[in-house]
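K.L.:
Can you read through this structure? Questions will come right after.
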Amino acid sequence: MTIYFNNRALELEKECNLEELLASQSLQHKAGIAIALNNKVVPKEMWKQTIIKDDDRILAIGASYGG
C-alpha cells in the first residue's frame, strides 16, 4: 500500500500502526514530535492503536528551540 509521510510517497508491505511506522523512520523516541494523520493530530497515547491505511497522509512535526 502507498501512504504519504511528510509529503513523500512511501510503500508499505503490510498494515502497521502509527508507532510501528515511526519506528521504521527512527522517530518513535524523538522528543517534541507531533503527528497528524489526514490533517488531524493524533495524541501520542493513540499511536499504537492507530492503524495506517492505504493513501493515508502522515505529517511529523518536531518542536524547535531557540530564538
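The values are calculated or read from the model by the stated rules, or taken from the named source; none is laboratory data. For clarity, every value in this text was computed on a predicted model and none was experimentally measured. Glycine also receives a Cβ, built like all others from the backbone with ideal geometry; neighbour counts cover every protein chain displayed.
K.L.:
Which residue is surrounded by the most Cβ atoms within 10 Å (Cβ to Cβ), if the candidates are limited to segment 28-67 and must be without any contact (Cβ under 8 Å) to a residue 24 or more places away in the chain and within 17 Å of Leu12 (Cβ to Cβ)?
P.N.:
So, considering only residues that are without any contact (Cβ under 8 Å) to a residue 24 or more places away in the chain and within 17 Å of Leu12 (Cβ to Cβ), the one surrounded by the most Cβ atoms within 10 Å (Cβ to Cβ) is Leu37.
K.L.:
Which one is modelled with the lowest pLDDT, of the residues in segment 1-14 that are closer than 12 Å to Asp55 by Cα, surrounded by 11 or more Cβ atoms within 10 Å (Cβ to Cβ) and out of contact with any helix residue (DSSP H, G or I) (no Cβ under 9 Å at 6 or more places or on another chain)?
P.N.:
So, considering only residues that are closer than 12 Å to Asp55 by Cα, surrounded by 11 or more Cβ atoms within 10 Å (Cβ to Cβ) and out of contact with any helix residue (DSSP H, G or I) (no Cβ under 9 Å at 6 or more places or on another chain), the one modelled with the lowest pLDDT is Met1.
K.L.:
Now for a different question. For segment 48-67, how many residues meet the condition of being in contact with a helix residue (DSSP H, G or I) (Cβ under 7 Å, 6 or more places away or on another chain) and modelled with pLDDT under 95?
P.N.:
Number of matching residues: 0.
K.L.:
A follow-up question, please. Would you be able to tell me the number of residues in segment 16-27 that are exposed (fewer than 15 other Cβ atoms within 10 Å of the Cβ) and either touching a Phe, Trp or Tyr at 6+ places or on another chain (Cβ under 8 Å) or modelled with pLDDT of 90 or more (or both)?
P.N.:
3
K.L.:
Conditions first: (1) closer than 23 Å to Met1 by Cα; (2) under 10 Å from the mean Cα position of the chain (by Cα); (3) not acidic (Asp, Glu). Ala34 passes all but one, so which condition is the exception?
P.N.:
(1)
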